[in-house]
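J.: Pasting a structure here, questions to come.
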Amino acid sequence: MTNSVSSGKALKNPARQKLAFQFFTEVGIIQQLGTALFNKRLPEGLHVSHFSILNHMMRLGDGKTPLSLAESFQVTKGTMTHTLAGLTKRGLVRVEPNALDGRSKLVFLTDDGRVFHKTAIESLAPMFAMLDEKIDFDKLIEVIPLLQEVREILDSNRDM
């Protein structure tokens with residue numbers, strides 16, 4: 001059977017391949033459950049996809065083009081433009097002409113956007129407290145560097 005998505009060497013050990021798939025399955029389910037919980041805490045009409053843009057700009061700085069944001073989130077420019085319009089309407093970002101290139105625009109966080117970002121994270125405190133009660137939180141914290149490493153590897157191999 002030919003695998004049309006194969007690009008390069010494959011993991012030969014079936015047990016390791018199963019474990020790798022299980023890892024991504026668990027991460028995906030955690031992402032779905034976390035997103036659902038977070039969406040319940042956001043104001044009406046805002047979603048984790050909106051927060052993710054604010055979080056991206058808080059982490060990496062603002063002044064990005066809509067196209068670079070679309071590429072970062074692996075969505076179309078049209079999807080990003082729509083999402084940014086919602087954030088702009090709520091006063092969480094502002095979109096300005098690029099002074100260096102009049103054809104493009106740049107996206108900046110507003111003060112309200114920064115406050116919203118902080119408040120949204122604080123709204124997750126009950127979920128964090130629940131996790132802290134039910135699992136060894138120190139063990140959870142220990143996996144962060146490994147997860148960051150996986151993210152960096154996947155991010156640098158998007159065209160795989």
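Here, each number is a calculation from the coordinates, and none is a lab measurement. Here the structure is a predicted model, which means the values were calculated and not measured. With ideal geometry, Cβ positions are generated from the backbone for all residues, glycine too; neighbour counts draw on all protein chains shown.
J.: Over 32 Å between Cα atoms, which of Lys77/Lys118; Lys64/Lys118; Lys18/Lys77; Lys12/Lys139 qualify?
T.: Pairs exceeding 32 Å: Lys18/Lys77.
J.: Which entry in (1) 70, 32, 29; (2) 53, 44, 25; (3) 39, 35, 29 matches Cα extents along the principal axes in Å derived from the coordinates of this structure?
T.: The value matching this structure is (2).
J.: How large is the charge dipole for the chain, taken about the Cα centre, if only the Cβ atoms of Lys, Arg (+1) and Asp, Glu (-1) carry charge, to the nearest 20 debye?
T.: It comes to approximately 500 debye.
J.: Can you give the net charge of the other residues whose Cβ lies under 15 Å from the Cβ of Gly63, counting K and R as +1 and D and E as -1? Please list the in-between numbers first.
T.: Details: positive: Arg59, Lys64, Arg94, Lys105, Arg114; negative: Asp62, Glu96, Asp101.
Local charge sum for Gly63: +2.
J.: Within a Cβ distance under 15 Å of Ser156, other residues only, what is the Lys/Arg minus Asp/Glu net charge?
T.: -3
J.: Right, here's the next one. Just want the answer: with Cβ charges of +1 for Lys and Arg and -1 for Asp and Glu, which residue in Leu54, Ala70, Ile141 is farthest toward the dipole's positive end in the chain?
T.: The Cα lying farthest towards the positive end belongs to Ala70.
J.: Mean Kyte-Doolittle of at least -0.5 plus a Cα span of 15 Å or more along the axis: flag which DSSP H helices in the chain meet both, please.
T.: Details: long enough: 14-41 (41 Å, -0.01); 48-60 (17 Å, 0.53); 77-89 (18 Å, -0.25); 111-122 (17 Å, -0.82); 144-155 (16 Å, 0.38).
Taking the DSSP H segments of the chain (at least 15 Å long, mean hydropathy at least -0.5), we get 14-41, 48-60, 77-89, 144-155.
J.: Relative contact order for the chain using alpha-carbon pairs under 8 Å, separation at least 6, rounded to a whole percent?
T.: Details: 92 pairs, mean separation 27.9, N = 160.
Across the chain, relative contact order equals 17 percent.
J.: With springs only between Cα atoms under 10 Å apart, run a GNM on the chain and tell me which of Lys77, Lys105, Lys12 wobbles the most.
T.: Lys12
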